[in-house]
Amino acid sequence: MPKLRNLLLAGAAMLLLGAGLAAEARADCEASPAPGVDWSVCRKTGLILRGQDLTGAKLQGADLARSDLSRAVLARASLTKAGLSRTTLKDADLSGADLSKAHGARTDFGGARLTGANLTKAELSRADFSGAQLAGADLQKAELGRSDLSGADLEGADLSGSYLARVRFKDARLAKANLTDAYLQLASLAGTDLSEAVGLTAAQLAESCGDETTKLPAGLARPAAWPCSGGDSTN
């Protein structure tokens, strides 16, 4: 039985490897940027693609570090596991895009449209989401530590189980946003309207920082430690 199990495991591993190689073989890393382009697992660092139409592009596993995609159209694009370190996506259209497990530091999503986007388990520390549209986005278990979400529209977004330590939420809109089990240690909630947020607890508030401008859901009181300053001044 152990031998049979080992054979089955080896066979499964070969199938997975074959699938990955097949996906890479289908990708055309030299293809010109265009809607639906397949750059899966391609190294595309330092590209200048401002305003480029990449609607529905296949960018899963691609390395886009330090690329400039500001104002680019990436609606419904697949960026699963894409590398986005210091990538600029300022004012880009990422509505309905799949960024699950995307990773990187200091990614610029300022003013970007991420309505209905999937960012589950994304690892995007120190990212700039200021003024971004994230209404209805799925950010379950996303790691966004020390990021800037000030002025972002997070209405109806799912942030359950997400890591939001030292995140700045100043003036963010969080009506009906799900904050169940979100980690909010030293998150800055000053000027944030949480009155309609879902799943928020007194324990979470006690770890965060806010002041008299923070609006809380009915039944939750301001912690005794408030006012205090949170967020990340080094972002």
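The values are calculated or read from the model by the stated rules, or taken from the named source; none is laboratory data. Predicted model, so just to flag it, every value in this text is computed and none were measured. Don't worry about glycine lacking a Cβ; one is built from the backbone with ideal geometry, like all the others, and counts go over all protein chains shown.
Would it be correct to say that Gly219 is more than 18 Å from Leu124 (Cβ to Cβ) and part of a loop (DSSP other than H, G, I, E, B)?
It is true that Gly219 is more than 18 Å from Leu124 (Cβ to Cβ) and part of a loop (DSSP other than H, G, I, E, B).
Cβ-Cβ under 6 Å, sequence separation 6+ or interchain: first residue in region 34-54 and among the hydrophobic types (A, V, I, L, M, F, W, C), partner loosely packed, with under 15 Cβ neighbours inside 10 Å and at pLDDT below 95. Which pairs?
Short answer, once both residue conditions are applied: Val41/Glu24.
If the requirement is being in contact with a helix residue (DSSP H, G or I) (Cβ under 9 Å, 6 or more places away or on another chain) and of a type in the set (A, V, I, L, M), which of these qualifies: Val37, Val73, Val41?
One residue alone meets the criteria, Val41.
Being surrounded by fewer than 24 Cβ atoms within 10 Å (Cβ to Cβ), at pLDDT 95 or above and closer than 21 Å to Ser229 by Cβ is the requirement here; does Gly145 meet it?
The answer is yes for Gly145.
Within the set of pairs 6+ apart or on separate chains, which have a first residue in region 109-131 that is without any contact (Cβ under 8 Å) to a residue 60 or more places away in the chain, a second that is in a loop (DSSP other than H, G, I, E, B) and among the β-branched types (Val, Ile, Thr), and C-beta atoms under 7 Å apart?
Leu124/Thr107; Ala127/Thr107
Conditions first: (1) crowded, with 24+ Cβ neighbours inside 10 Å; (2) under 14 Å from the mean Cα position of the chain (by Cα). Ala135 passes all but one, so which condition is the exception?
(1)
From Gly219, Gly156, which residue is under 15 Å from Leu134 (Cα atoms) and out of contact with any Asp or Glu (no Cβ under 6 Å at 6 or more places or on another chain)?
Answer to the check: Gly156.
Scan region 123-145 residue by residue and report those that are in a loop (DSSP other than H, G, I, E, B) and farther than 18 Å from Lys90 by Cα.
Selection gives Gly136, Leu139, Gln140, Lys141, Ala142, Gly145.
For the subset of region 188-233 comprising residues that are among the hydroxyl-bearing types (Ser, Thr, Tyr) and touching a residue at least 24 places away in the same chain (Cβ under 8 Å), which member is surrounded by the most Cβ atoms within 10 Å (Cβ to Cβ)?
Ser208
Residue check: is Gln185 touching a residue at least 12 places away in the same chain (Cβ under 8 Å), assigned to a helix (DSSP H, G or I) and not aliphatic (A, V, I, L, M)?
no
State yes or no: is Ala72 under 20 Å from Phe169 (Cβ atoms) and surrounded by 21 or more Cβ atoms within 10 Å (Cβ to Cβ)?
Taking the combined requirement at face value, the residue does not satisfy it.
With the structure loaded, tell me whether Lys44 is of a type in the set (Lys, Arg), farther than 26 Å from Gly151 by Cα and either at pLDDT below 95 or crowded, with 21+ Cβ neighbours inside 10 Å (or both) or whether it fails that test.
No; evaluated as a whole, the condition is false for this residue.
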